[in-house]
Amino acid sequence: MVGGTPGPPPVSGNQLFDCASFEPPVITGVAEGVATFSETSGILDVPSVDLNNEQLAVRLEYIEGTDPWIFETLSLSAVQSGPSEAIVSALGGGLIVEPSQDFIPLCHGWVMIGDGIRNRVVERNLISGETGETYSFNTAPNQFTLDEANDRVFMTVHPESERLYQLDLLTGDITHFPISQTLDGDGGFTHTYRWALRDITLGEDGNVFSIMFDGVGLDPENGVPYSDTKLWLGLMDSTGTFLFDSLPLEEPIRVEYDAVLDHLFLANVSNLATFNFDPLTNVLTFVPGTDISVGSNCTDFNISPDGTRLAYSCPTGNYGVSDFSIADMDPESYNDFDGEWFLNSGPLSAAFNADGTLLIATDNQRLYFFDVVTHLILEDFELGLLEGENISKIRLSRDGELLYVFLRNEIHDESSKFYWMSMPDITGTPL
């Protein structure tokens, strides 16, 4: 062990939501954080070790029952702080982490990720390499949704499961609830659906909207609700109890909810649809004129903090114009857009800052900082990614001081990788 007996995580759980309660790590450009030990998982992390003049990140796991303690090696990998020094880049650093399909941005370099190999949820600091807590369970986490008000995280898993998984950040317990619903049809026919979750997003009062797959098609002549694609939209509470009769869908791949203006969005790789939602009655009303194509092979969808603007990143731009732009779309009238944010090549991901005055976007070559109101580029920065690296999405830390860049990876990859960048001092037009 390094530095004597390892101690508990420096911060963890819901502490990572409160950016004012702890200090950020010193930014050094390389993950040189102290060794940390999680009593929950038995994981010992040494972010940077000099072995034969090479900087390595070492992750060990305590073998239960051994005395003196014996650890087995989980991973031994090079510390990668950023792109090659030969490439001019604005990125401040980077870290190879457990293989994850999604993450939750937290404070001061912290993120919550899923370990798809060891079936764990992990709190990791991208600057220091430190580990907070790790939460082990019986399958691989996939997509995350944070319910901050109730100190919990909802998860989908891989392979898809007919369960809603929930991590309690106060107790560290992971629980699951079965996903099933009996729907009435014509002529007294009923059918019980047992859905697997595809995508989830937080709704009102700790409830969860979900895209679900039933796995079994039914003959519509049986008089029960039917979906040709086997995809459905559901709304459930934290225990998996449904709050309205689930609705058959066509081919959505993502669901998002805006609690400011009460809009639910369903999207596939080209089409976007808007519904108005009444939180008092749990009634959805389709907004006419939506459910139209806004691009092709679209990759990332974002809602401004005030709910009045949409940014759907599509590699050839919005509306098939091939102008490499992200349209500033109205949530109820997509074609009535108030301008465009233009990139040099195909947009892959974008994120609004906390006050909604900036849109940060990327085309995998550069980072663009746009004024939301004027749509002008205020600054742009070279990324200088390594060959073969492709961005999955960019997001801001909760304190707004860091930009997290999450690279695309396959479900069975051995690891994932993040880069990070300190937010430049750029100010947009006040709203």
ask   = If the label point is 7 Å along Cα→Cβ of Ser422, which residues in the range 95-116 have backbone nitrogen under 13 Å from it?
value = none
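Can you give me the orientation-averaged projected area of the convex hull built on the Cα atoms of the range 283-364, in nm²?
Reported value for the Cα convex hull: 5.7 nm².
Looking at the range 237-348 from every direction and averaging, what is the projected area of its Cα convex hull in nm²? Please list the in-between numbers first.
Values: hull surface 29.9 nm².
Computed as one quarter of the Cα hull surface, the answer is 7.5 nm².
Please state the relative contact order of the chain as a whole percent: Cα pairs under 8 Å, 6+ residues apart? Before the final figure, lay out each step's value.
Numbers: 1145 pairs, mean separation 50.5, N = 431.
RCO, the chain: 12 percent.
Under 4 °C and 1.567 mPa s, how fast does the chain diffuse according to Stokes-Einstein, given a Kirkwood radius computed over C-alpha pairs? Answer in µm²/s, whole number.
Working: Rh = 22.9 Å.
Result for D is 57 µm²/s.
How many percent of Cα pairs in the range 344-431 exceed 19 Å?
38 percent
Would you mind computing the Rg to Rh ratio of the range 137-251 from its alpha-carbon coordinates, Kirkwood style for Rh? Kindly include the intermediate steps, with their values, before the conclusion.
Values: Rg = 14.7 Å, Rh = 14.6 Å.
With Rh from the inverse mean 1/r over Cα pairs, Rg/Rh is 1.00.
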task = Give me the distance in nm between label points sitting 7 Å out from Cα along the Cα-to-Cβ direction at Ala20 and Phe286, one decimal.
result = 4.6 nm
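With +1 assigned to the C-beta of every Lys and Arg and -1 to the C-beta of every Asp and Glu, and no other charges, what is the dipole magnitude of the range 147-244 about the Cα centre in debye, to the nearest 20? Kindly include the intermediate steps, with their values, before the conclusion.
On the way: 5 positive and 17 negative charges, 49 e Å.
Result for the range 147-244 is approximately 240 debye, rounded to the nearest 20.
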ask   = In whole Å, what is the distance between the alpha-carbon centres of the range 108-133 and the range 201-269?
value = 30 Å
Charge dipole of the range 264-356 about the Cα centre (unit charges at C-beta), most positive-ward option of Gly339, Ala354, Leu266 = Leu266
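Suppose R0 equals 25 Å. What FRET efficiency, 1/(1 + (r/R0)^6) with r the Cβ-Cβ distance, do Asn52 and Leu74 give to the nearest 0.05?
Numbers: r = 20 Å, r/R0 = 0.81.
The pair Asn52/Leu74 has a calculated efficiency of 0.80.
If you average the sequence gap of Cα pairs under 8 Å that are 6 or more apart and divide by the length of the range 137-251, what percent do you get for the contact order? Display every interim value, and only then the final one.
Details: 259 pairs, mean separation 21.8, N = 115.
Relative CO of the range 137-251 lands at 19 percent.
When Leu359, Leu280 are ordered from fewest to most other Cβ atoms inside 10 Å of their Cβ, what list results? Walk me through the intermediate numbers first.
On the way: Leu359 23, Leu280 6.
The order, fewest Cβ neighbours first, is Leu280, Leu359.
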ask   = Among all stretches of the chain without exposed GluC sites (Glu not before Pro) (DSSP loop, at most 11 other Cβ atoms within 10 Å), which one is longest?
value = 86-386
Ranked list, fewest to most other Cβ atoms within 10 Å of each Cβ, for Ile211, Ile200, Ile117 = Ile117, Ile211, Ile200
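Taken together, the values in this text are just the output of simple stated rules run on the coordinates, not laboratory data. Note that the structure is predicted; figures quoted are calculated from it, not measured. For neighbour counting, all protein chains shown are included, and Cβ atoms are generated from backbone atoms with ideal geometry for every residue, glycine included.
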